[in-house]
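Participant: This is the structure, below, for whatever I ask next.
The values are calculated or read from the model by the stated rules, or taken from the named source; none is laboratory data. None of the values given here were measured: they were computed from a predicted structure. Cβ sites come from the backbone with ideal geometry, for glycine too, and all protein chains shown count toward neighbours.
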Amino acid sequence: MTVKLNLLQAGHCTQYENLVIRGGAFRKMIFPALFGLIYHSQYGFIMFDTGYSERFFQETDSFPNRVYAKLTPVWISPDQSALAQLQQIGVHSSDIRLIIISHFHPDHIGGLRDFPSAQFVYKKSAYYRLKKKNKISALAAGFLPGLLPEDFEARSKDIDTYPTITIKKKYYPFDLAYDLFGDGSLLILELPGHSLGQLGLLVSTSDQKQYFFISDSCWLKQSYQTFTPPNRVMRLVTDRWGDYRATLNKIYLLHHRCPELRIIPSHHNMLSC
């Protein structure tokens with residue numbers, strides 16, 4: 001079995017450091033929208049999230065979604081999309097068989113429409129709660145439904161339909177994970193707090209390395225290295241603050257227990273992941 005991982009970036013946003021980590025400087029920082037391209041010798045190409053696409057600008061061109069673009073400025077050009085970058089390395093849209101959606105914010109689902117052959121794996125109960133929201137409440141939850149393909153639900157599979165395994169011995173304090181292919185190579189974990197149904201991904205590659213995509217459990221490595229949460233004002237855009245802190249604490253403990261594990265926040269600089 002061969003498992004390989006490429007870490008890529010599709011666009012970026014800017015935000016103030018003192019918002020995303022308590023005690024940070026009052027300065028704007030660039031936060032890349034990372035996504036993972038995984039090759040599995042039996043199951044082909046899999047993606048973890050997609051980053052932004054230019055559709056973000058279309059979906060935030062009018063009120064109320066325009067508020068999102070004002071609060072979180074985004075930059076992406078056509079050649080920076082996930083689709084364009086995969087084509088540059090010889091991977092076609094039709095080669096992507098599965099996309100794991102960590103959660104439904106635009107920087108994670110922005111490119112879904114570019115992959116019409118892919119099946120989507122996510123927490124369905126979270127999606128249906130978002131789907132029922134009106135425009136204002138959906139915006140408050142960071143959800144732009146126009147980014148989803150027309151046949152999104154028809155190509156979807158609930159993560160809860162996959163078998164779970166105990167991972168406490170190796171990845172304590174995390175206890176359970178969904179074993180995507182039944183071989184331990186891709187393990188999906190629930191990371192509640194930041195957004196409804198947020199998922200993370202543990203990837204074990206053929207060169208004996210382990211990677212942990214923690215999505216938006218934090219935006220900077222310093223957060224999980226020192227257990228430093230965001231500014232309290234971020235409670236306003238957090239699904240459940242208590243769960244956020246509990247998830248971040250688990251990642252902090254795991255990092256110090258397994259320092260060789262490569263932990264990847266979705267917005268951290270790729271060169272330091």
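Participant: What is the residue count in segment 226-244 for residues that are out of contact with any strand residue (DSSP E or B) (no Cβ under 9 Å at 6 or more places or on another chain), touching a residue at least 24 places away in the same chain (Cβ under 8 Å) and either surrounded by fewer than 15 Cβ atoms within 10 Å (Cβ to Cβ) or part of a loop (DSSP other than H, G, I, E, B) (or both)?
Facilitator: Going through segment 226-244 one residue at a time, the tally reaches 11.
Participant: Would you be able to tell me the number of residues in segment 55-82 that are farther than 19 Å from residue 7 by Cβ and surrounded by 16 or more Cβ atoms within 10 Å (Cβ to Cβ)?
Facilitator: 9
Participant: I need every pair where a residue in segment 103-132 that is closer than 22 Å to residue 187 by Cβ has its Cβ under 6 Å from the Cβ of a residue that is assigned to a helix (DSSP H, G or I), sequence separation at least 6 or different chains.
Facilitator: Going by the 6 Å Cβ cut-off, the qualifying pairs are 104/130; 109/147; 119/155; 120/155; 121/159; 123/159.
Participant: Can you tell me which residue in segment 9-19 is nearest to residue 233 (Cα to Cα), limited to those that are part of a strand (DSSP E or B) and in contact (Cβ under 8 Å) with a residue 24 or more places away in the chain? Talk me through it step by step, then tell me what you get.
Facilitator: Step one: filter segment 9-19 for residues part of a strand (DSSP E or B), giving 9-16.
Subsequent filtering for residues that are in contact (Cβ under 8 Å) with a residue 24 or more places away in the chain retains 9-15.
Numbers: 9: 27, 10: 27, 11: 25, 12: 22, 13: 19, 14: 17, 15: 13 Å.
Checking each candidate, the answer is 15.
Participant: Could you please give the count of residues in segment 99-123 that are outside any loop (DSSP other than H, G, I, E, B) and surrounded by 18 or more Cβ atoms within 10 Å (Cβ to Cβ)? I'd like the intermediate steps shown before the answer.
Facilitator: Keep residues of segment 99-123 that are outside any loop (DSSP other than H, G, I, E, B), which gives 99-100, 106-109, 112-114, 119-122.
Cutting the leftovers down to surrounded by 18 or more Cβ atoms within 10 Å (Cβ to Cβ) gives us 99-100, 106-109, 112, 114, 120-122.
The number of residues fulfilling the criteria is 11.
Participant: Please specify each residue of segment 20-42 satisfying the condition of being without any contact (Cβ under 8 Å) to a residue 24 or more places away in the chain, part of a loop (DSSP other than H, G, I, E, B) and of a type in the set (D, E, K, R).
Facilitator: Correct list: 27 only.
Participant: I'd like to verify a number: residues in segment 20-43 that are farther than 23 Å from residue 236 by Cβ, in contact with a helix residue (DSSP H, G or I) (Cβ under 7 Å, 6 or more places away or on another chain) and among the aromatic types (Phe, Trp, Tyr), how many?
Facilitator: Total meeting the criteria: 1.
Participant: Right, here's the next one. For the subset of segment 147-169 comprising residues that are without any contact (Cβ under 8 Å) to a residue 60 or more places away in the chain and part of a helix (DSSP H, G or I), which member is surrounded by the fewest Cβ atoms within 10 Å (Cβ to Cβ)?
Facilitator: Checking each candidate, the answer is 169.
Participant: Continuing with the same structure: What is the one condition in (1) in a helix (DSSP H, G or I); (2) without any contact (Cβ under 8 Å) to a residue 40 or more places away in the chain; (3) farther than 30 Å from residue 42 by Cα that residue 94 does not satisfy?
Facilitator: (3)
Participant: Of all residues in segment 186-225, which are among the basic types (Lys, Arg) and part of a loop (DSSP other than H, G, I, E, B)? Walk me through it before giving the result.
Facilitator: Residues of segment 186-225 among the basic types (Lys, Arg): 209, 221.
Hit for segment 186-225 is 209, nothing else.
Participant: Being on the phi > 0 side of the Ramachandran plot, at pLDDT 95 or above and not hydrophobic (A, V, I, L, M, F, W, C) narrows it down to one residue among 200, 142, 146; which is it?
Facilitator: On the way: 200 fails: on the phi > 0 side of the Ramachandran plot; 146 fails: on the phi > 0 side of the Ramachandran plot.
Going through 200, 142, 146 in turn, just one is on the phi > 0 side of the Ramachandran plot, at pLDDT 95 or above and not hydrophobic (A, V, I, L, M, F, W, C): 142.
Participant: Can you name the condition, by its number, that residue 185 falls short on among (1) within 21 Å of residue 37 (Cα to Cα); (2) out of contact with any Lys or Arg (no Cβ under 9 Å at 6 or more places or on another chain); (3) of a type in the set (Gly, Ala, Ser); (4) without any contact (Cβ under 8 Å) to a residue 60 or more places away in the chain?
Facilitator: In the conditions (1) within 21 Å of residue 37 (Cα to Cα); (2) out of contact with any Lys or Arg (no Cβ under 9 Å at 6 or more places or on another chain); (3) of a type in the set (Gly, Ala, Ser); (4) without any contact (Cβ under 8 Å) to a residue 60 or more places away in the chain, residue 185 misses (4) alone.
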